[in-house]
Every structure is written in C-alpha cells, then in structure tokens.
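Reviewing the structure listed below.
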Amino acid sequence: MDIVRLENVSKVYVTGKVKYPALRNVSISFPKGRFIAVMGPSGSGKSTLLNLIGGLDRPTEGKIISCGRNLEELTSDELAEYRNEKIGFVFQFFNLIGYLNVLENVMLPMAIRGVNEREGREKAMNILRILGLEDKVKKKPNELSGGERQRVAIARALVNDPELILADEPTGNIDSVNAKIIMGIFRKLVDEKGMTIIMVTHNIELSRFCDMVVRLRDGVIENVEEVSEL
Amino acid sequence: MKIKELLKLAFKQLMERRARTILTILAIAVGVTSIVALSAQVEGVSSEIFKSLEKLGPNTIIVTVRSGSLFTDVDVSNVKNLSGVANVAPVFATTARATGINDRITILGASTTAMQTILGSINLIKGETYNDVPSPQAIIGYNIAIDDAGTYRYDIGQPILIRIGSRNIMMITVGILDFYGTSTVINPDNTIFIPIDYIRLLLRTSGYTSMIVKTNSIDDVDNVMNLIRYMFGGRVSITSIKQITSTVQAITAQINLLLVSIAGTSFVAAGLGTFNIMTISVLERIREIGILKAIGMKDRGVLILYLSQGLILGILGSCIGVILGSVIAHVIPILLSSGMMRVEITGQNVLSTYTPAVTPTYILMSIMIAVLVAIVSSAYPAWKAAKMNPVDALRYE
C-alpha cells in the first residue's frame, strides 16, 4: 500500500525572467512502512520533492496524493493541518525555536493542534525519555550538542503521531557517531511502529539503513532500488 | 492553537529581545502618561472652579456697573422687588495696596450677609466677623495675612495700612479667612473685607459697584437677568453663575481637547516605533515563522501571534503610562506651587490651589488609543508574516 503517490509532478521556480525547473514530470509511489532514502547530487530536486510531499510548497503541475489526501485540493489552512497531523519534519539545521526549552519545543506541535497542556507535557516527556533526553528538558537548544538537538527535533516530529516522517539531510550537521544513533532511531520507528520515513541524503553510507533508495538527477527520477539490490 | 498558548508564545518572543521590548513599551507609555497627567491638571483646575461656583449657587447673578453712576439704595431696592428675586447683596469693590504686600489687593465693602452670599460660608482661621457698623474693622484674606513661609504678616488686633488711590487708611484686623483657593468672582485669599457702610463713608459715596442677586430658583435666572438688563440698559454688565459655569465647561473642554491632541501626537511616534520594532522582529524571525508553519501553524495563527505582540506592548505600555501619568499628575501641582511655574491672576498663583483629578474617562481613552496604535502598527508586519511561503521562510538566511 502506498502512502505517497506523485503523478506527473513538475516544479518550476521563477526568478525574474529566469525559469528553473526543479522537478520534471515526476511520477512515483512511496510504499507505507518503509524507510526510503532520496539521493542525488545538489540541485537534483531532492529537497523540492520533500517539500512538495510535506505540503510546504505546491507543484507547478501534477498531482500528489499523500496520507490519503489530494494535496492539490487542500486550502492553505488544510495544508497546515495536514503538516501538523500527518507529517513530522526533521531538518538538517534542526530548526528548533531558540527561546523555548527542549520540552516546550517538543510540545509546540501539540499546542498548535490544540492538545491540552497537561496531556501534551506527558506525551512530550515520554518521547524525550525514549530518546534519552529526559534530563535535558529545561535546557535551551543552544545548550545541547548537535546530536541532542537532532534528537529533540525527532521528538518534535513524532509527538503528533504522524504517518510520515520527512527528513531533509538529518545527519548533515552532526558527527558520524550521532548520525548512526539517529539512523538507529529511524530504523526502529519503521520496524517497530510501522512508520514511513522519507529521508533526503547525500551520504551513501546511510542508505544501508534504508529499505529503498530513490535517485534523482536534474529533476528526473533516475532509478528506484531496493537496498538489498545495492 | 489556543489563544492562551499563542499569547504565551508571543510573550516569550518579546522577552527574547528584552531591551528592545522595554523601549517600545516606554515609547507607548509616553503618550498615555502625557494624556493622564495633563488631563488631570485641567480636570483639577476646572473642578476647583466649579466648586467655587457651587458655593455661590447656580441661582446667583452678578450685576456690576460698567459706566455711569454707581448703584443707589433705590436701585438695590428696585432689584429686590423684581419678580423671582430672593435676595440682593450690594457691595463696593476697589483695588488697593497694603503694607508688606507687593501685589495689588481687592478691597470689598460688604455686609456680613453679602459676605456669606459671596463666600458660601465665612470660614475664619482666627478672630471673628465684624459688626455691620461703619467702623475700621477688616477681615483679611489668607494670602494677605500669611506669607509664603507660613508666618503671620497680620494677626488679630493688629492694624493694617491700606492705600486706596492717594488715601491711606488704617484698619484693625478682626478676622483672618481660611484658604479658599481658586475662585471665579473674587479671590477671597487676596481680598480685604470691610463693612460696606465704612468704605462708603471713607470714600464719601452713597453707591455700590456691584450687586449679588439671588433668585428664587435656577429657572428664574434668565428672566431676572432680562429684567435687570431692561432696568439698567448698557451701563451694567450682568453675569450669571449658570453662564460662567457653561463658559468654564466649554473652555476646559477646549483646553482638554488641545492638550489631549498635543499628547496624542506622541502616539504617532510610538506607533512608528512599534511598527519599526515589529517589522524588525518579523524580519529576524522569518526562518522561525517557516518552522512554525512547517509544524502546522496556520496563517491565522501567525497573524494572531504578531498582533498579540502588539497587544501586549500596548497593554503594558498603557499600564506603565497610567501609573507614571498618575504620579506625574500629582507632582506637577507641587512643582507649580513651589514657584517653578507661576500663572498669576490678581497677584495669586492660581496654579497652586487645585488638586489634580485623574479621571477614568481619560485613563480609558488613553489605554484604548495606546492599544489601538500598537495593534494597528503591528498589523502590516503580522500580515506579512502570515502570508509568508513556508519554504521561502525556511530557506531564509
């Protein structure tokens, strides 16, 4: 069963009179419950693909069905709800809110969803405990190491029980030891919780943690491989 | 997102840039402070004036000779017989100089009954009222008897030398009036009251300069004024307390409007300051807005987040402004009475004799303006933040 399906999706960025096609007529399906790596050189359209699936941007052409919703038909508010309830984002630069502590950062998606504070706190504490961050809850992001910050970002991504985790170079800004820890967490989420993760990465070594690799070049899908085939 | 959570987030954002937030709050507070402090002065002065008018009563008419001969006993009797007139108190007023006083003072020849009519009640801090007989007795005003240091220039039983025109007159102090403060018809604190018959004897006149006329009711005032005007024509000026009250009301309303308008201009500066701060705040937080949108905050949520920052700035600014304004409102009269500023009328610093009145109307008005200015100034930056494309915001360096 597919969790995401793209049909003839194109995305063209326009800067002044210059048009830059980031994705060209892409059609692909991502199966549910798999850990999928999207790889390719810089400018190949990896992040654009992730942004379109995550409802952060809209395609110039084509249709995206994600988590049972046709994103084209969603209003701006409905897209925001989709991002909040169905998607968990993990970014390369963590993107935590600097003036909020770890707990508050993790509770934020629940606060946006309207979950009451007590329930949100309990759930956030649970996830932070699982990720080994229970003693860091009062710390601000700038008091944490890169690996810890990325774990906080993962906790924030998980807190609303999303169907899909979209990770854009999640290990791009941390050392190799922490990168393996993060990959271990992702693997566990897929294996134990049946979650789907689509991860953009440059790092070929990380693809061994994945079930599937999608290769992009110049906005076109070059190939799709099962990891065992690699 | 619940409003409570948005407000908490907005407050945290503001606290992250504490110094800037405090300066913006103070900029807003300046406008509120000015309105509260200045309106309190005008309200205070007008309230004092109204109090003195109330003492005279709204059914009082003051008739003063403008040209020609003074009022005679027959004139007084004719006015007394007019329909609607309850009582007439004839007085003789002139200006003079007294030994030890630099400024000119008022000499008012009046019977004790007339005194009562003019002052409302005769409040003496020392001595007693004079007998209505032609003898050199004087009841002297507070500022004449007591100097700025609070010591007595003249005490009971002491003679006081008065110079009216080229004539020197020696009077004996029999009573000292309490402090009356702001007054509209006469200034009791700068006046010496002497028996009416004595001043007429001294100045060899059988007339009176003014008549204080009391009507049976307020409804009779206009009718009696018309009758008096008919009786004396253009040689007298006729003023009713009712008229003075409405004139004072109109003047103080105008002064208040002027002061509030001047104070209001500071809100323009505060508004621009808030707009500037909110614009910078949004620019600095573009990436953060992208994050909030990525994790599901709706455009409306972002809009409220930044508008509520304006609201918080406005509320805090106005609270501080009200407190500062109330304090300054009470400091201004102290500065005025200490002689740092003087507005003298007939030798008296009229600004030293009122209690400022901080009124809820102006507090509410200034709070509303401040909050409105802060919200309006935040509206455009907030709208820009709300309309930001999440991908562009996340990519912003």
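Rounded to the nearest 10 degrees, what's the angle between the helix A:117-130 long axis and the longest principal axis of chain A, both from Cα atoms, 0 to 90?
80 degrees
Give the relative contact order (percent, whole number) for chain A; include only Cα pairs under 8 Å separated by 6+ residues.
Result for chain A is 29 percent.
Evaluate E = 1/(1 + (r/R0)^6) for A:Arg217 and B:Ala269, where r is the Cβ-Cβ distance and R0 equals 51 Å; express this FRET efficiency to the nearest 0.05.
0.35
Would you kindly work out the equivalent ellipsoid of chain A from its C-alpha gyration tensor and give its semi-axes, the square roots of five times the eigenvalues, largest first in whole Å?
29, 20, 17
Can you pull the one-decimal nm distance between simple spin-label points at A:Ile204 and A:Ser76, each 7 Å off the Cα toward Cβ?
About 4.4 nm separates the two model spin labels.
May I ask you to list the residues of the range B:191-220 whose amide nitrogen lies under 12 Å from a point 7 Å from Cα along the Cα→beta-carbon direction of B:Arg235?
Counting only backbone N, you get B:208.
Provide the convex hull volume over Cα atoms per residue for the range A:98-150, in Å³.
74 Å³
Between B:Leu372 and B:Ile280, what length comes free when the chain is fully extended (0.36 nm per residue of separation minus the Cα-Cα distance, one decimal in nm)?
Gain in length upon complete extension: 31.1 nm.
On average, how many beta carbons from a partner chain sit within 10 Å of the beta carbon of a residue in B:6-12?
2
For a quick protection proxy, order the peptides A:116-125, B:134-143 by their average other-Cβ count within 10 Å, most packed first.
B:134-143, A:116-125
Quick one: if the Förster radius is 60 Å, what FRET efficiency do B:Arg17 and B:Ala86 give, using the C-beta to C-beta distance and rounding to 0.05?
Values: r = 70 Å, r/R0 = 1.17.
FRET efficiency, B:Arg17 to B:Ala86: 0.30.
Does anyone have the angle between helix A:176-193 and the longest principal axis of chain A? Alpha-carbon axes, 0 to 90°, nearest 10?
The helix A:176-193 is inclined about 80 degrees to chain A.
Which percent, nearest 5, of DSSP beta bridges in the protein assembly as shown are antiparallel?
Counting DSSP beta bridges with both partners in the protein assembly as shown, the antiparallel share is about 70 percent.
Could you tell me which helices of chain B pass both thresholds, a Cα extent of 27 Å or more along their own axis and a mean Kyte-Doolittle hydropathy of at least 1.6, with helices taken as whole DSSP H runs?
Those that pass (Cα extent of 27 Å or more, hydropathy at least 1.6) are B:299-337.
Show me the three semi-axes of the equivalent ellipsoid for chain B, from the C-alpha gyration tensor (sqrt of 5 times each eigenvalue), largest first, rounded to whole Å.
Calculated on Cα positions only, the semi-axes equal 64, 23, 14 Å.
What is the mean projected area of the alpha carbon convex hull for the protein assembly as shown, to one decimal in square nanometres?
With every direction weighted equally, the projected area is 41.4 nm².
Would you mind calculating the gained length between B:Leu335 and B:Glu54 on full extension (0.36 nm times residue separation, minus the Cα-Cα distance), in nm to one decimal?
Answer, rounded to one decimal: 98.4 nm.
Can you compute the modelled spin-label distance between B:Tyr152 and B:Val248, with each label point 7 Å from Cα toward Cβ, in nm?
Placing both labels 7 Å beyond Cα along the Cβ direction yields 3.2 nm.
Hey, what angle do you get for helix A:146-158 against the long axis of chain A, alpha-carbon based, 0 to 90 degrees rounded to 10?
Taking the Cα atoms of chain A, the angle to A:146-158 is about 80 degrees.
Could you pull out every residue, at least 5 positions away or on a different chain, whose amide H is within less than 5 Å of the one on B:Asp178? Hs are placed 1.01 Å off N in the peptide plane, and Pro or chain starts have none.
Distant-sequence amide H within range of B:Asp178: B:Asn123, B:Leu124, B:Ile125.
Coordinate-derived values only; no laboratory data. Quantities reported herein were computed from a predicted structural model and do not represent experimental measurements. All Cβ positions, even for glycine, are placed from backbone atoms using ideal geometry, and neighbour counts span all protein chains on display.
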